[in-house]
Amino acid sequence: MRKAISFAFILILAGCSTVPITGRKQLSFIPQGQLLSLSDESYKDVLSKSTLSTDAAKTSEVMEVGRNIASAAESFMRDNGMEKELANYNWEFNVIQDDKIVNAFCMPGGKIVVYTGILPVTQDKNGLATVISHEVAHAIANHGGERMSQELVVQAGGMGISQLMKSRPEQARQIMQQVYGAGAQYGVLLPYSRSHENEADHIGLILMARAGYDPKAAVAFWERMNKLGGAKVPEILSTHPATSRRIANIEKEIPEAEKYYKS
């Protein structure tokens with residue numbers, strides 16, 4: 001158990017970095033080369049199992065907005081002394097034909113996918129910029145590397161629990177592992193995921209404003225998302241913040257983003 005705890009402590013000390021714009025300290029010790037390699041593999045796997053949209057107009061619009069947001073992200077990174085990190089990004093945009101999936105994602109390294117199911121909600125370029133800038137924000141904030149780092153620390157803690165309980169009956173060990181897993185999931189990983197979403201909203205507003213898109217469109221987009229209906233997962237069990245709280249947070253951050261939009 002001591003070895004597992006010591007290992008986790010060393011990882012925490014070695015992996016502290018700072019998120020751009022928000023200035024939050026984050027735990028991230030996954031080597032960029034390894035992270036990008038895993039990202040590329042996952043991205044290729046998704047594309048190989050999907051059908052790309054043949055709608056030239058939709059694809060062109062996604063690529064146009066995507067390039068503008070990516071350019072704004074690179075400009076921001078240069079302005080903040082992050083030129084060396086630009087080598088980690090090779091922007092690519094694809095539209096997957098699936099009207100049932102209302103989603104988009106950006107892999108570490110700048111591989112971006114937009115599903116056709118979200119396009120009726122984005123409605124226009126401002127709405128699309130809201131989505132893409134949010135996903136690009138996840139990438140430049142290194143949320144993927146941070147999440148993997150958190151998982152490794154949780155696993156190290158689990159190893160310690162296993163050592164502690166090895167002399168106890170099998171049933172007791174299983175119960176302890178389940179309690180630890182639930183505590184880590186709901187007490188650490190999910191709250192961090194929700195904080196990542198809020199942080200990506202904040203950074204995304206700045207990026208879309210710098211790219212020339214109206215940050216107030218983010219509120220309208222999330223209001224439309226909220227009207228989609230369906231069963232809503234309780235916020236405490238979700239990786240995403242409740243939509244009403246999300247909109248309130250975005251409204252507070254719009255004045256900061258508007259400085260870039262007006263300039």
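For region 39-64, the set of residues classified as aliphatic (A, V, I, L, M) and touching a strand residue (DSSP E or B) at 6+ places or on another chain (Cβ under 9 Å) consists of Val46, Leu47, Leu52, Val62, Met63, listed by residue number. Listed conditions (1) touching a His at 6+ places or on another chain (Cβ under 8 Å); (2) modelled with pLDDT under 60 are all met by Arg147, apart from (2). When residues in region 250-263 are screened for being modelled with pLDDT of 75 or more and surrounded by fewer than 16 Cβ atoms within 10 Å (Cβ to Cβ), 7 of them pass.
The single residue among Lys100, Lys125 that is without any contact (Cβ under 8 Å) to a residue 60 or more places away in the chain and basic (Lys, Arg) turns out to be Lys100. Just one residue in the set Ser48, Ser39 is touching a Pro at 6+ places or on another chain (Cβ under 6 Å) and modelled with pLDDT of 65 or more; that residue is Ser39. In region 216-246, the qualifying residues are those that are within 19 Å of the chain's Cα centre (by Cα) and within 19 Å of Val136 (Cα to Cα), and the one that is modelled with the lowest pLDDT is Thr239.
The values are calculated or read from the model by the stated rules, or taken from the named source; none is laboratory data. Treat the numbers as computed from the prediction; the structure is a model and nothing was measured. Note that each Cβ is placed from the backbone with ideal geometry, even for glycine, and that neighbours are counted across all protein chains shown.
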